[in-house]
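Below is one structure; the comments refer to it alone.
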Amino acid sequence: MVAISSWGRLGQWEHDVKPLTDRRQVAKIIRDNNPGIAQGMARSYGDVCLNPNGILWKTTGLDRFISLDQSTGRLVCEAGVLLRDIQRLVIPRGWILPVTPGTQLVTVGGAIANNVHGKNHHVLGSFGDHVQQLTLLRTDGEVIDCGPQIKQDWFAATVGGLGLTGVILLAEIQLRQISGPWLETETIPYENLNEFFSLADSSEVDWEHTVSWIDCISGEGRGLFMRGNHAEKQNRVEPNNRSKTMPIVPPVSLVNRITLRPFNMAYFNLNRMKKGRALAHYTSFFYPLDNLLEWNRMYGPKGFYQYQSVVPRADGQEAVQAMLREIARSGEGSFLAVLKTFGDRPSVGMLSFPQPGVTLALDFPNKGAQTLKLFERLDAIVREAGGRIYPAKDARMPRDLFEAGYPRLAEFLPYRDPGIGSAMSRRLMGY
Ligand SMILES: Cc1cc2nc3c(=O)[nH]c(=O)nc-3n(C[C@H](O)[C@H](O)[C@H](O)COP(=O)(O)OP(=O)(O)OC[C@H]3O[C@@H](n4cnc5c(N)ncnc54)[C@H](O)[C@@H]3O)c2cc1C
C-alpha cells in the first residue's frame, strides 16, 4: 500500500497501486484487480481520482504516441500521455491542443474524464469537443470504441464521466493549426463586475482566449482581464523555461489573513502597471503556475480546497457579487482567484461541468469547520442561481447539490462500470 494524496493535499490515503504500462496487459490487470479507479497525474484537487484503502490504476505509464498526421492535425496517443508532451511535439509542427487547462501536467485520460476547459470555451468548447474517438476498456474485458460519430451514448457518458465508465486506453484528437508558439495578449485592469462583464462580452468575437484574475479580498470585484490570440510567426528566441520547485511543506499555510491582503494589493498594482499589449509565449500565457512545481505545498500540512462553480448568466453577476462579499467577509480566499465566462454552447458529456454562464474559482486554505461553513454559504448562492460545482476541484460538495447541478445523472448511471468506484462516486452517487 502507498499513501497518496491529490492536488489539494487534504490528506494522504493508503492505496494498492497497480501501474498500467503495457496496453495489452491492462485488461487482465483491471479484471483481476477491482474495484478500482484510474489515476493520471492526480492534478484534480479532491477525491475524484482517489480510492482510499482500495485499488488505484496508475495510467501515466500508458504514454505512447501512436500517430500524428501532420497534414490534418489528427493525433492518436495513449491516455497517459501528458498534455505537455503533446504540446512539445506538435507546436513546432504548426499544431496545438485546441483546449488546454491551466496546467499542462495532466494526462489525456484525465482531461477527457473531467472534460476540462481552458480560456477559450466561448470559441472552442471543452477538451471533449476535439476528441474524435476513444477506446474504452471495461473491467469485464469489453472494448468500446466511441466518439461523436460512433456509439455517441458511450462517448457522452465517458467525456466528463469522472473515470467511472471504464479505463480510457487511447484517444484520437483533432489539433488546431497555429503559426507558432506566441500569442498576442492584452491585460486590462477592471474596477468592478460591471466592467468585467462588459470586457468579457466585447472580447468574445475578436479574442479567442479570455480569463481574469479577481481580487477576492476587495469585495468589489476588481481585477485584471487578460485576453489573447495566437500570433503570426515570430522571429523570437523561445524562453528556456526552467521550473522551480516549492522545496518544503511549511508548518503553516503561507496563504493566510496576514499575507492575503498585501499580496492581492501588490499583484493588482504591479500588473496594472503592465497593462496593455504584449507578446507572450504559450507556456507563460496558458500555464503560469507550472513555473513553480508543487506550489500546492505552500498551503501547509492541512492542504487546501478549491471552490469552482458556474452559474447561468441571467443571475450570474448578482451571484458572483454575493459570493465575493461572503468571501471578503470571511477574510479567507486566495491569491489564485479566477473569473471567466463560458460560451453559450452545450457540453458533450452527460456530467460535464461547463455550462453557459460565469465561472468563479478560488483556493482556500483548509481551516476545517470554518472553511466548510463558508462553502455552505457559497453553495446556497450557487443552488439559488441554478449553478453547479466542478467535480475536478471538489472534495466536499453535498450530494443534493451534485444532483441538482447535474440533471443528466440518471441517464449516466447505467454506463457505470460495476468494477469502478472512487471516493467521489461513493460520496456523490452512493457507490
Ligand atoms: C494548477 C492547475 C490548474 C488547473 N486548471 C484547470 C483549468 O483551467 N480547467 C480545467 O478544466 N481544469 C483545470 N485543472 C484541473 C485538471 O485539469 C483536471 O483535474 C484534470 O482532470 C487532471 O488530470 P490528471 O491527469 O491529473 O487526472 P487525475 O486527477 O489523476 O484524474 C482525474 C479523473 O480522470 C480519471 N482518469 C484519469 N485517467 C483516466 C483513464 N485513462 N481512463 C479513465 N479515466 C481516467 C480519473 O479516474 C479521475 O476521475 C487544473 C488543475 C491544476 C492543478
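Against the definition (surrounded by 19 or more Cβ atoms within 10 Å (Cβ to Cβ) and over 30 Å from residue 154 (Cβ atoms)), how does residue 211 come out, yes or no? Explain how you work it out, then say what you get.
On the way: surrounded by 19 or more Cβ atoms within 10 Å (Cβ to Cβ): yes; over 30 Å from residue 154 (Cβ atoms): yes.
Criteria met by residue 211.
Counting residues in segment 103-116 that are more than 8 Å from the ligand (Cβ to nearest atom) and of a type in the set (A, V, I, L, M, F, W, C) gives zero. Looking across 145, 85, one residue alone is within 22 Å of residue 351 (Cα to Cα) and more than 10 Å from the ligand (Cβ to nearest atom). It is 145.
For segment 144-154, the candidate set comprises residues that are touching a residue at least 40 places away in the same chain (Cβ under 8 Å) and under 22 Å from residue 421 (Cβ atoms); within that set, the residue that is surrounded by the most Cβ atoms within 10 Å (Cβ to Cβ) is 154. Close Cβ contacts (under 9 Å, 6 or more residues apart or on different chains) running from residues in segment 163-184 that are on the phi > 0 side of the Ramachandran plot to residues that are assigned to a strand (DSSP E or B) and within 9 Å of the ligand (Cβ to nearest atom) comprise 163/37; 163/38; 163/39; 163/420; 166/38; 166/136; 166/137; 166/420. Reported count of residues in segment 422-431, each being surrounded by 21 or more Cβ atoms within 10 Å (Cβ to Cβ) and more than 10 Å from the ligand (Cβ to nearest atom), is 1. The numbered conditions (1) closer than 30 Å to residue 10 by Cα; (2) outside any loop (DSSP other than H, G, I, E, B); (3) of a type in the set (Gly, Ala, Ser) are all true for residue 67 except (1).
Pairing residues of segment 276-298 that are at negative phi with residues that are away from the ligand (no atom under 14 Å from the Cβ) and aliphatic (A, V, I, L, M), at Cβ distances under 6 Å and at least 6 apart in sequence or on separate chains, gives 280/183; 285/183; 297/249; 298/254.
Scanning segment 288-325 for residues that are modelled with pLDDT under 95, among the aromatic types (Phe, Trp, Tyr) and either over 29 Å from residue 369 (Cβ atoms) or surrounded by 22 or more Cβ atoms within 10 Å (Cβ to Cβ) (or both) gives a single hit, 299.
Each row is one residue, and each column tells you yes or no for (1) among the acidic types (Asp, Glu); (2) in a helix (DSSP H, G or I); (3) touching a strand residue (DSSP E or B) at 6+ places or on another chain (Cβ under 6 Å).
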site	(1), (2), (3)
328	no, yes, no
335	no, no, no
379	yes, yes, no
403	yes, yes, no
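Filtered by the rule that a residue be hydroxyl-bearing (Ser, Thr, Tyr) and either without any contact (Cβ under 8 Å) to a residue 60 or more places away in the chain or part of a loop (DSSP other than H, G, I, E, B) (or both), segment 405-431 gives 406, 422, 431. Whether a residue is within 12 Å of the ligand (Cβ to nearest atom) and in contact with a Gly (Cβ under 7 Å, 6 or more places away or on another chain) was assessed, and residue 54 does not pass this test.
The values are calculated or read from the model by the stated rules, or taken from the named source; none is laboratory data. Note that the structure is a prediction, hence the values are computed from the model and not measured. Methodologically, a virtual Cβ is constructed for each residue, glycine included, from the backbone with ideal geometry; neighbour enumeration extends over all protein chains shown.
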